[in-house]
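**Q** Dumping the structure here so I can ask a few things about it.
The values are calculated or read from the model by the stated rules, or taken from the named source; none is laboratory data. Everything numeric in this text was worked out from a predicted model, so none of it was measured. Here the Cβ positions follow ideal geometry from the backbone for every residue, glycine too, while neighbour counts run over all protein chains shown.
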Amino acid sequence: MHAALGLVLVCSTYLQGADFALTGATVYPSPDARPISDAVIVIEGARIAAAGPRASVRIPKDIRILDCSGKYIVAGFWNSHVHIFTPSLLQARDGSSAALNAQLDAMFNRWGFSTVFDVASVLDNTLALRRRIESGGLRGPRILTAGEPVWTESPIYVREYLKANHIDIPIVATAEDAAARVRAHAQGGADGVKLFTGSVQGRGKVANMPLSLVRSAAGEAHRRHLPVFAHAQNSAGLELAIAGGVDILAHTVPDSAPWTAKDAARLKRAHMALIPTLTLFDFEGRKGGGSDRARERWIDKMAGDLRAFSEAGGEVLFGTDIGYTDHFDTALEFTLMSRAGMSFREILASLTTSPARRFGYSARSGRIARHMDADLVVLESDPAKDVTAFSRVTLTIRGGRIAYSN
Ligand SMILES: [Zn+2]
């Protein structure tokens, strides 16, 4: 059969700018669908033209074939908590393509991310990076962005970095300020809003945003159909997020008591989504220089919160806070999510269908099916057997183009 189809290439072969088909892999079309073994996916332009068992899919003549036998294919991943904020990504206008591609590969492309939500950065710079990617000048994910965060006090851990990079993000002092900031961001092209309902000020001190400001910012965002993320930090910050109408918790909450089933049910009733960012707490624990046991206990608390939330049926969105941390490897996050009781299918949903639905992209992203965006991840091994397989990427395809090839 292959003889009639012209060139057959091995799955990791670099290939650009032409229609092609992926053959022979096991495909997980969506988190709740059965796997298809010996599948064919036909990609035409930026879309999936056909996907299914080999017997049911007609492969167009003269199209290039990538033989992916022995591999596993899932829809392109979303990382719902990143920052376009590393020194090289902050040079979005003037940075060389080589330097920017290297950083985009290291952070996103090689881990299977075809869409990321940047939840605090410098809006104009992030939009410039997005334009360079969308015009084909750089290999990178679709970027949604919250731009500059809204805070009444900046958290202590970013001050030095902001200063060193000559970035000024002014505080908001009143409800009117907060609404005006959101309005300006929305008009400037932001896709979401990030609030610090709790902001670390050093040694156990947290500045909480007054409820009137949270409500004002969230109300303005919702009028413009923008999702609202919060960094809550402590129990007070969490209560403010719930009362103020926040949509998404950017992390579990470090300075709160462990979440009970009742707490989790309350968050679910508030239609709140949670981005666990468990790797962040490992990173912070190491940075803080405490004992391994203290760090493990801290991570166990966060994983316990995720477990309670997930068991309550809460919506989990995968995210790792990279760009703030340099821990780009996703394997630990999958291990910790699994330790929190999440199944392979629940983790796949957090990477694909859940963020696509939450951010209004489910008609084009999150599943492998005809007419969907050709955003795909080819994995080395079966994630159903070991969830860290989600971190071992052979190919990342974004919009029908190879963004990464191992
Ligand atoms: Zn962050």
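**Q** Which numbered condition trips up V150, out of (1) surrounded by fewer than 16 Cβ atoms within 10 Å (Cβ to Cβ); (2) within 26 Å of the chain's Cα centre (by Cα); (3) modelled with pLDDT of 95 or more?
**A** (1)
**Q** I'd like to know if region 245-258 contains one or more residues that are of a type in the set (V, I, T) and out of contact with any helix residue (DSSP H, G or I) (no Cβ under 7 Å at 6 or more places or on another chain). Give the steps one after another, and end with the answer.
**A** First, pick out the residues of region 245-258 that are of a type in the set (V, I, T): 246, 248, 252-253.
Cutting the leftovers down to out of contact with any helix residue (DSSP H, G or I) (no Cβ under 7 Å at 6 or more places or on another chain) gives us 248.
Scanning region 245-258 turns up at least one residue that is of a type in the set (V, I, T) and out of contact with any helix residue (DSSP H, G or I) (no Cβ under 7 Å at 6 or more places or on another chain).
**Q** In region 172-205, which residues are of a type in the set (A, V, I, L, M, F, W, C) and at pLDDT below 95?
**A** Filtering region 172-205 down to residues of a type in the set (A, V, I, L, M, F, W, C) leaves 172-173, 175, 178-180, 182, 184, 186, 190, 193, 195-196, 200.
Within region 172-205, just V200 meets the criteria.
**Q** Give me a count of the residues in region 20-34 that are closer than 19 Å to H371 by Cα and out of contact with any helix residue (DSSP H, G or I) (no Cβ under 8 Å at 6 or more places or on another chain).
**A** 6
**Q** Restricting region 104-122 to residues that are assigned to a strand (DSSP E or B) and away from the ligand (no atom under 16 Å from the Cβ), which is nearest to D375 (Cα to Cα)? Walk me through it before giving the result.
**A** Step one: list which residues in region 104-122 are assigned to a strand (DSSP E or B), which gives 113-118.
From the residues that got through so far, the ones that are away from the ligand (no atom under 16 Å from the Cβ) too are 114-115.
Numbers: S114: 6, T115: 9 Å.
Per the criteria, the residue is S114.
**Q** Another one. Output the qualifying pairs, or none if there are none: Cβ atoms under 6 angstrom, residues six or more apart or on different chains, first residue in region 239-253 and among the acidic types (D, E), second residue within 16 Å of the ligand (Cβ to nearest atom).
**A** Matching pairs, first to second residue: D247/P227; D247/V228.
**Q** Can you pull out every residue in region 66-94 that is surrounded by 21 or more Cβ atoms within 10 Å (Cβ to Cβ) and not in a strand (DSSP E or B)? So that I can check it myself, show each step before the final result.
**A** Residues of region 66-94 that are surrounded by 21 or more Cβ atoms within 10 Å (Cβ to Cβ), as a first pass: 66, 68, 71-85, 89, 92.
Of everything in region 66-94, those that are surrounded by 21 or more Cβ atoms within 10 Å (Cβ to Cβ) and not in a strand (DSSP E or B) turn out to be C68, K71, G76, H83, I84, F85, L89, A92.
**Q** Restricted to region 50-103, and to residues that are within 16 Å of the ligand (Cβ to nearest atom) and of a type in the set (S, T, Y), which residue is nearest to the chain's Cα centre (by Cα)?
**A** Per the stated criteria, the residue is S80.
**Q** Specify which of the listed residues (R183, R223) is touching a helix residue (DSSP H, G or I) at 6+ places or on another chain (Cβ under 8 Å) and charged (D, E, K, R). Even if it seems obvious, please write down each step before you answer.
**A** On the way: R223 fails: touching a helix residue (DSSP H, G or I) at 6+ places or on another chain (Cβ under 8 Å).
Every option except R183 fails the conditions.
**Q** List every residue pair whose Cβ atoms sit under 8 Å apart, with the two residues 6 or more apart in sequence or on different chains, where the first one lies in region 107-124 and is more than 25 Å from V150 (Cβ to Cβ) and the second, anywhere, is crowded, with 24+ Cβ neighbours inside 10 Å and at pLDDT below 95.
**A** Qualifying pairs under 8 Å: none.
**Q** Same structure, new question: How many of the residues making up region 256-298 are within 16 Å of the ligand (Cβ to nearest atom), closer than 19 Å to F229 by Cα and surrounded by fewer than 18 Cβ atoms within 10 Å (Cβ to Cβ)?
**A** Number of matching residues: 0.
**Q** Restricting region 331-385 to residues that are free of Cβ contacts under 8 Å to residues at least 60 places away in the same chain and basic (K, R), which is farthest from I397 (Cα to Cα)?
**A** So, considering only residues that are free of Cβ contacts under 8 Å to residues at least 60 places away in the same chain and basic (K, R), the one farthest from I397 (Cα to Cα) is R339.
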